[in-house]
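First comes the structure, then the notes that go with it.
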Amino acid sequence: SQTIHQWPATLVQPVGSPLSLECTVEGTSNPNLYWYRQAAGRGLQLLFYSVGIGQISSEVPQNLSASRPQDRQFILSSKKLLLSDSGFYLCAWSKDRGTNYGYTFGSGTRLTVV
Amino acid sequence: AQSVTQPDIHITVSEGASLELRCNYSYGATPYLFWYVQSPGQGLQLLLKYFSGDTLVQGIKGFEAEFKRSQSSFNLRKPSVHWSDAAEYFCAVGWTGGFKTIFGAGTRLFVKA
């Protein structure tokens with residue numbers, strides 16, 4: 001069966017520090033991968049998606065970047081965190097065209113920038 | 001542009017009562033529609049999905065949803081709510097050939113004893 005792992009679960013970082021969140025998927029190949037951010041009391045904002053190794057599409061200009069160095073690995077990064085980067089970050093994967101099957105989400109990373 | 005509206009920010013129901021969560025979408029063709037549930041501090045879990053065919057779809061945990069094209073709606077229902085159903089519920093829409101799914105702002109469900 002397919003599983004998705006996301007870590008760390010919780011992170012507190014000072015303003016100006018770097019960030020690296022990792023997401024890996026097991027049990028499938030060539031998944032579509034997504035990073036979403038959920039601000040407190042708000043819906044989900046799509047940040048990045050990837051349909052293959054090295055292929056990244058950015059949805060919102062921001063202080064963040066994403067990379068996909070391997071087929072089932074998706075990394076969210078920042079060189080210098082801002083207070084506004086605080087939120088709940090969710091990684092998700094889908095088969096082929098994601099809209100056909102729905103997403104499977106990781107358990108999320110709660111990021112607090114102080 | 002595609003969009004999803006969940007008119008109710010939060011809803012409170014008594015345990016054992018019926019539930020209906022509203023969702024309206026904006027899309028020119030037949031969309032793919034989804035409902036997800038999120039428990040506090042957790043990721044989202046897919047409850048059910050509609051692609052085509054029967055407009056009444058069954059999901060996990062006793063939930064169902066009905067697609068009404070004339071009303072551009074995809075409301076989620078459950079005949080008898082349990083305390084464990086307290087969570088946030090998200091409606092989402094996708095479309096043919098698209099890589100992305102658009103999520104509504106969510107409806108938080110509170111269940112009172």
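Worth a mention:
- In this simple spin-label model, placing a label point 7 Å from the Cα along the Cα-to-Cβ direction at both A:Trp7 and A:Val114 gives a separation of 2.3 nm.
- If R0 equals 25 Å, the separation of the Cβ atoms of A:Asn63 and B:Ser26 corresponds to a calculated FRET efficiency of about 0.25.
- Other residues whose C-beta falls under 11 angstrom from the C-beta of B:Gln6 contribute a net charge of 0, scoring Lys and Arg +1 and Asp and Glu -1.
- Among the GluC sites (Glu not before Pro) in region B:1-99, those placed in a DSSP loop whose Cβ has at most 16 other Cβ atoms within 10 Å are B:Glu15.
- The H on the amide N of A:Leu82, modeled in the peptide plane, is under 5 Å from the matching H of A:Gly16, each at least 5 residues off or on a different chain.
- Restraint check, B:Lys49/B:Lys100; B:Lys49/B:Lys78; B:Lys61/B:Lys100, Cα-Cα greater than 24 Å: B:Lys61/B:Lys100
- Here region B:3-33 is scanned for amide nitrogen atoms under 17 Å from the site 7 Å beyond the Cα of B:Leu56 along Cα-to-Cβ, giving B:18-21.
- Within chain A, helix-based [θ] at 222 nm, where runs of 4 or more DSSP H residues each add -39,500 (n - 2.57), nearest 500: -500 deg cm²/dmol
- What the phi angles of region A:5-18 give under the Karplus curve with 6.51, -1.76 and 1.60, with θ = phi - 60°, is a coupling list of 10, 9, 8, x, 6, 9, 8, 10, 10, x, 4, x, 8, x Hz, glycine and proline written as x.
- Normalised contact order of chain A, rounded percent, pairs of Cα under 8 Å and 6 or more residues apart: 36 percent
- 3J(HN,Hα) couplings calculated from phi for region B:72-87 with the Karplus curve 6.51 cos²θ - 1.76 cosθ + 1.60 (θ = phi - 60°) are, in sequence order, 6, 10, 8, 7, 9, 9, 8, x, 8, 7, 10, 4, 6, 7, 4, 4 Hz; Gly and Pro show x.
- Mean separation of Cα contacts under 8 Å (6+ apart) over length of chain B, as relative contact order %: 37 percent
- Cβ-defined net charge surrounding B:Ser73, 10 Å radius [Lys, Arg +1; Asp, Glu -1]: +2
- Amide proton proximity set for B:Gln42, modelled H, under 5 Å, gap of 5+: none
- With R₀ fixed at 35 Å, the C-beta to C-beta distance from A:Gln55 to B:Phe110 puts the FRET efficiency at about 0.25.
- Span per principal axis, largest first, for the Cα atoms of the protein assembly as shown (Å): 48, 39, 35
- Comparing the full protein assembly with the isolated chain (1.4 Å probe, heavy atoms, ligands and nucleic acids excluded), the residues of region B:86-113 losing at least 20 square angstrom of accessible area are B:Phe90, B:Gly97, B:Gly98, B:Phe99, B:Lys100, B:Thr101, B:Phe103, B:Ala105.
- At 1.567 mPa s and 4 °C, Stokes diffusion of chain B via Kirkwood alpha-carbon radius, µm² per second: 92 µm²/s
- Built amide H within the under 5 Å cut-off of B:Asp8, gap 5+: B:Arg22
The values are calculated or read from the model by the stated rules, or taken from the named source; none is laboratory data. Remember, it's a predicted structure, so these values are computed and weren't measured experimentally. Ideal geometry is used to build each Cβ from the backbone, glycine not excepted, and the neighbour counts take in all protein chains shown. We work out accessible area using only protein heavy atoms, side chains counted, and drop any ligands, DNA or RNA first. Shrake-Rupley method; radii C 1.70, N 1.55, O 1.52, S 1.80 Å.
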